[in-house]
Amino acid sequence: MAEQLLMDKAGAARLRMIIEAGVGLGGVDLLGFALEHAVTEADGLGGMVHVRGPGGRGLLLMATSGIVRTVAQDWEEIAVDGDTAPARAVAGGTSVWMPALGGQSLSLPEVSVTQRSTGGGTERAGEGRTGGGASSADDSPLGHHPHAAAPWSPLSALPAGSGLLAVPLLTPDGVAGALSVLTVGEGQPTPQQRSAVETLAAWAALRLREPSMDWGRAEPRRPGKEPPVTRLREALEAIKVGSWEWDLATGEQLWDESTLAILGMAGQSTNQRFDTWSGLVHPDDLPWLLVEIEQAIRNQRVSGVEYRIRRPDGTTRWVSSRGRVLPGEGGRPGRMVGTVWDTTESRIARDSVSRALRHMSDAFFAVDGEWRITFLNMEAERLLGASQELLGQNLWDAFAEIGIDAVGLGLHASYRRAVDRGTPVGFVVRWPTNRRQYQMRLIPVPDGLMVYATDVTEMRSREAESVAAERVTADRNARITALAGALAEALTVQDVVNAAAERIMAPFGASGLVVHLIEADTLHVAGQVGYPETFFRDFEGMPVGDIAPLDEVHRTRTAAFIDSVEEYVERYPRMADRPAEARKASWAFLPLIVSGRSVGCCVVSFTEPRRLGGEEKALLITLSGLMAQAIERARLFDAEHVRAQELQRGLLPSELPTLCAVSTAARYVPANEGIEVGGDWYDVIPLSGARVALVIGDVMGHGLSEAATMGRLRTAVHTLADLEFPPSELLTRLNQVVNDLGDDFYATCLYAVYDPVTCTCKFGSAGHPPPAVVYPDGTTEFLDHLPDPPLGTARPPFETTEVVLPQGSLLVLYTDGLIESATRDIDRGMLHLTKALSSAAAAVREDDAAGSSPGLERLCDNVLAELLPGTQLMDDAALLVARTFAIPAASIASWTLPDGPIAASEARHHVRDQLAGWELDELAMTAELLVSELVGNAVRYGKSPIALRLLRAEGLICEVSDGSLSTPRIRNAAETDEGGRGLQLVAALAHRWGARYTATGKCIWTEQPVS
């Protein structure tokens, strides 16, 4: 609906513009103007305007648009009471649309004499010097009956949906005529089209009487009531068209007042005869005019002519006349009736246009439908050959006579294409006769073709020069843009050097590029390309003053361009040996300036002598400015990168411990963006009883803040692990640590404890992906565990899962950055990890069988290569792989001790015997003292049952357990105290000691190193 309103508003605005443009028009020009725009607004093929003739003669054709002459002749005069659309519109005073149904005839006009004509061409009523071509030999019978067969016309074979829309010309005095539009489409014209045509017809009708009158629609007259003849004559007078009749037998003529005014005889009493009229015709026009009239009478056809008259007052005017021969007795020509109007002003305008075309600088010529040259100006005569008579000659013959191959040049095809398509065609051609370039513009017209030829040789030359200059400018801008883009992505100084070398050396034909950075007047070579490896060996750390070219550029901050070795030696004689050593012959020394200070110098060098142009020098100076900015950013990045690496090394384990329970390997891959510090971390923590804790975590996000949080969590895990908390308890306390950091911190964590005595692994997860296991037989699976929410959002308690891992199994812990990315979801990533682990583990087993196992390090590298093949990481990734081992049964000994003091004695006996069997006699004395003290405390302070266990692992582990939950602690005993010194003795003798809770109580343990 809104779209329709917009279209209606646009149409109304367009009509207002049309009406304003036609305010100064009158007469036939007014009717033609209104008709042409009505055809356009209705999307029509053409149209006609009929006006009532004087004396009840019917409707006379006053103007046409887009209708060929052979068709227009059938509509020259139509009966007012006929069945045609214009007649019905005049009779009813309302718009009429009559369809042509698939080849059926529109009701054609009924005229008193009907004939067929083969004349071609198109013209608007009142134009053209002569009438149509010769008529056929068969003249139509007299007195055509209203319902007789209609004469042939192209309007009688239109496709379905076509029709004629006729709109009455309504004036306050009645209906003056009709404006008709030939439409082609699906059904009737749209309401918008019909309304536009009616508006233009109403405006034109009212202006026929009074040009200043506002346009509008008068009330239609009542059917059957004809307006007075005087009103009809006034309508014809309003459009300045006169009517006349000529009795061919007597020579008498009848002129109305408008005709008398046009002939300059208004108000005069004159004898209206043929001789009177012929005496007014200009002597130069009379001979051919008489021949035209004689042919029209003989062939009984319509005559349309334009000629000059000399009025009685001595003035000369141009007039156009149209007349039809009417039969008399016996069917012979009896009289002629017609119209006449003054065309002086339009003729003057046409002559003015013709003179302008004749003398304009562009070549212009016109051809008719038979390719005959009908007009050409002086420039066209020179172009086509002035030595021959060209008017009336065939265009292709004219081309051939001056040696132009119209087919080879494409002229023939282009000219015909313009005519066939009915649309203008333009192209540029080099004219063979003078080798100049011409812009040809071909404009089809109803009866032929107009051709404009403009000499564009100089313009094309200037355009070529301009294009070349633009190409150079575009190339320069492209180089600057490409280098700017590459420098924007460069992170390190070496990246800047590489980007500059790639985008500067080749376009300029350079063979070398080096970037010198200057700090505290000391040179540092940041990077070079195209020089011998040993050339800059002595430059590093050298004072800038010792290198004359660099010192000059550094001090003056001005670029220096040296074109040859001779010039170099002349300017810097102390460095005459440098060109030969560098194998260079010309140089561009460019200062690197940032924020008004010189930070270094870029040297672009050439193998051969080279004189750079002004554009090249300006471009190199511009590029050096971009390089300076990029180098400054890169230096800051390098400094940040070094600090980030130091921080990362400080937060992650520098090396993993060597344990008998597991062998481990790990990898950390930072994200590609930022300063490469993230929140992913891993750790391997030895526990009591030869157990080991494997932990991996991920602080969400990456950056310095996340890295600091990761460091806190890793420290907290170490502390909680030393307290021997099980996985669920440790995650609970770690969750509280994250909560205390604030609401914006979240982390995932997986904590696993592996016991090599029982080969069991207990683990808990806070929002972390499940661990993967590769069993000795090659089977790979993820341990089934439903993770709790991440730390910072979880609510304890945490779930714990326990699994048995056969010796030689691979326990794989990882962060989500390894398996998840923007192009890969977590499920696909885990499937990919399974395949990568299987193939990598198989390769390791083959190496083990060959006796050349590279260990877990190669397995980690293979997995990363498979999952992260050089991709741009948006998140950090960590990988921890542990191969599990079991402590042999021969390295484990355990006993249950009795209650009472005898327990200590038995414990010492068991220790002494077992260590002798393990060939660890050198540890027996210390081990006996430690066991004696621990068992004594258990007997005194603990509860039964009391047990002793010895483990031979990385060291000798002694464990004493009892049923009490009380935790022993070291205290400072006074000199007079009898007890309180046992744990001090334990701490002094053992390498490590501690206590942990068990399912039935507690366990106190000590560890001694085995040499």
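Tabulated data
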quantity	calculated
Test result for Ala526, over 35 Å from the mean Cα position of the chain (by Cα), part of a loop (DSSP other than H, G, I, E, B), closer than 30 Å to Pro579 by Cα and touching a residue at least 40 places away in the same chain (Cβ under 8 Å)	no
Options Ile631, Ile621; residue that is in contact with a strand residue (DSSP E or B) (Cβ under 9 Å, 6 or more places away or on another chain), under 30 Å from Asp563 (Cα atoms) and surrounded by fewer than 19 Cβ atoms within 10 Å (Cβ to Cβ)	Ile621
Residues that are surrounded by 17 or more Cβ atoms within 10 Å (Cβ to Cβ), within 48 Å of the chain's Cα centre (by Cα) and of a type in the set (Val, Ile, Thr), drawn from region 547-585	Val553, Ile562
Of all residues in region 712-737 being in contact with a Phe, Trp or Tyr (Cβ under 6 Å, 6 or more places away or on another chain) and hydrophobic (A, V, I, L, M, F, W, C), the one that is surrounded by the most Cβ atoms within 10 Å (Cβ to Cβ)	Leu731
Region 446-495, subset of a type in the set (Val, Ile, Thr) and without any contact (Cβ under 8 Å) to a residue 60 or more places away in the chain, residue surrounded by the most Cβ atoms within 10 Å (Cβ to Cβ)	Val456
Criterion: loosely packed, with under 15 Cβ neighbours inside 10 Å, touching a helix residue (DSSP H, G or I) at 6+ places or on another chain (Cβ under 8 Å), of a type in the set (A, V, I, L, M, F, W, C) and not assigned by TED's automatic domain parsing to the domain that holds Ser688 - qualifying residue of Ala938, Ala916	Ala916
Filtered residues of region 451-492 (kept if over 32 Å from the mean Cα position of the chain (by Cα) and not in a helix (DSSP H, G or I))	Val451, Tyr452, Ala453, Thr454, Asp455, Val456, Thr492
So Phe725, is it assigned to a loop (DSSP other than H, G, I, E, B) and over 55 Å from the mean Cα position of the chain (by Cα)	yes
Number of the condition not met by Val569 [criteria: (1) in contact (Cβ under 8 Å) with a residue 24 or more places away in the chain; (2) under 23 Å from Pro609 (Cα atoms)]	(1)
Residues that are surrounded by fewer than 19 Cβ atoms within 10 Å (Cβ to Cβ), at pLDDT 90 or above and of a type in the set (S, T, N, Q), drawn from region 853-906	Asn862, Ser891, Ser894, Thr896, Ser905
Filtered residues of region 760-784 (kept if closer than 17 Å to Tyr814 by Cβ and either of a type in the set (Asp, Glu) or buried (at least 23 other Cβ atoms within 10 Å of the Cβ) (or both))	Cys761, Phe763, Gly764, Ser765, Ala766, His768, Pro769, Pro771, Val774, Glu781, Asp784
Pair list, Cβ under 6 Å, 6 or more apart: region 791-819 residue in the same structural domain as Met700 (by TED's automatic domain parsing), other residue at pLDDT 90 or above and of a type in the set (D, E, K, R)	Thr800/Lys762; Glu802/Lys762; Leu810/Arg883; Thr815/Asp698
Residue satisfying all of: in region 953-970; part of a strand (DSSP E or B) and β-branched (Val, Ile, Thr); nearest to Thr1006 (Cα to Cα) among these	Ile957
Residue within region 265-280 that is part of a loop (DSSP other than H, G, I, E, B), among the polar types (S, T, N, Q), without any contact (Cβ under 8 Å) to a residue 24 or more places away in the chain and buried (at least 16 other Cβ atoms within 10 Å of the Cβ) present	yes
Restricting region 356-368 to residues that are of a type in the set (Gly, Ala, Ser) and at pLDDT below 80, the residue that is farthest from the chain's Cα centre (by Cα)	Ala356
Residue check for Pro609: of a type outside the set (Asp, Glu), at pLDDT 90 or above and assigned to a loop (DSSP other than H, G, I, E, B)	yes
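The values are calculated or read from the model by the stated rules, or taken from the named source; none is laboratory data. The shown structure was predicted, so the numbers you read here are calculated from the model rather than taken from an experiment. Methodologically, a virtual Cβ is constructed for each residue, glycine included, from the backbone with ideal geometry; neighbour enumeration extends over all protein chains shown.
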